[in-house]
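The values are calculated or read from the model by the stated rules, or taken from the named source; none is laboratory data. The structure presented is a predicted model; accordingly, all values stated were derived computationally and were not measured. In this analysis, Cβ positions are derived from the backbone assuming ideal geometry, glycine residues included, and neighbour counts consider all displayed protein chains.
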């Protein structure tokens, strides 16, 4: 059984969709609760003209809310999932451009605690984009029972907790790399 046929199962698809909705709505909440911090993070990317920063800083969390809600509604689910994939790809592209510029020290703007850019963040967003695309495909038509409901709830929790743990590992790896670079610089200066 390949990955796409697993995601075609309605219980597995429900778990992926629920977790993606939590991720999007959580990210939007962080951005809306600290708008100045998100505006600063967005400005640090140096990808948008100054005149568009305010609009983008207000619009991105609203887009995340719209997509998070849209994937929960069957009538808009497929289009919203493609939108999630495009948004995550856009985030990955912005991160990749700044990493290529050597700007790993800037905050990703993901929300929550400071999170320097890393190749791991780029991969994370690629995985989220792939999950959204996989979930946008056809669903197997089969009746759902109580065990499917349990599977969906536990699947959402497992996916979301795995996402949070991976995100924290990426955050700590970035901090450790930055501390190591500082230590190496201090050693070089004292030599």
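General remarks:
- In this structure, residue 109 qualifies as assigned to a loop (DSSP other than H, G, I, E, B) and either at positive phi or buried (at least 18 other Cβ atoms within 10 Å of the Cβ) (or both).
- Every residue from segment 112-128 that is farther than 14 Å from residue 45 by Cβ and surrounded by fewer than 20 Cβ atoms within 10 Å (Cβ to Cβ): 112, 113, 114, 118, 119, 120, 123, 126, 127
- Entry remark, segment 26-50: residues being surrounded by fewer than 16 Cβ atoms within 10 Å (Cβ to Cβ) and assigned to a loop (DSSP other than H, G, I, E, B) number 5 in total.
- Test for residue 151: is it touching a helix residue (DSSP H, G or I) at 6+ places or on another chain (Cβ under 9 Å), without any contact (Cβ under 8 Å) to a residue 24 or more places away in the chain and part of a helix (DSSP H, G or I): no
- Residue 131 being surrounded by 18 or more Cβ atoms within 10 Å (Cβ to Cβ), out of contact with any strand residue (DSSP E or B) (no Cβ under 9 Å at 6 or more places or on another chain) and without any contact (Cβ under 8 Å) to a residue 40 or more places away in the chain: no
- Remark: residue 113 falls outside the filter, which requires a residue to be within 15 Å of the chain's Cα centre (by Cα) and modelled with pLDDT of 90 or more.
- Residue within segment 98-106 that is part of a helix (DSSP H, G or I) and either under 17 Å from residue 22 (Cβ atoms) or in contact (Cβ under 8 Å) with a residue 24 or more places away in the chain (or both) present: yes
- Residues located in segment 156-175, provided they are buried (at least 19 other Cβ atoms within 10 Å of the Cβ) and more than 13 Å from the chain's Cα centre (by Cα): 156, 171, 174
- Members of segment 158-173 found to be closer than 27 Å to residue 13 by Cβ and free of Cβ contacts under 8 Å to residues at least 60 places away in the same chain, listed by number: 161, 162, 164, 165, 166, 167, 168, 169, 170
- The one condition from (1) within 11 Å of the chain's Cα centre (by Cα); (2) assigned to a helix (DSSP H, G or I) that residue 120 does not meet is (1).
- Being in contact with a helix residue (DSSP H, G or I) (Cβ under 7 Å, 6 or more places away or on another chain) and within 18 Å of residue 130 (Cβ to Cβ) holds for only one residue in 60, 23, 106, 65, and it is 23.
- Residue 72 vs. criteria in contact (Cβ under 8 Å) with a residue 12 or more places away in the chain, touching a helix residue (DSSP H, G or I) at 6+ places or on another chain (Cβ under 9 Å) and not in a helix (DSSP H, G or I): yes
- Hits in segment 76-98 - residues which are over 21 Å from residue 48 (Cα atoms), touching a helix residue (DSSP H, G or I) at 6+ places or on another chain (Cβ under 6 Å) and surrounded by fewer than 18 Cβ atoms within 10 Å (Cβ to Cβ): 76
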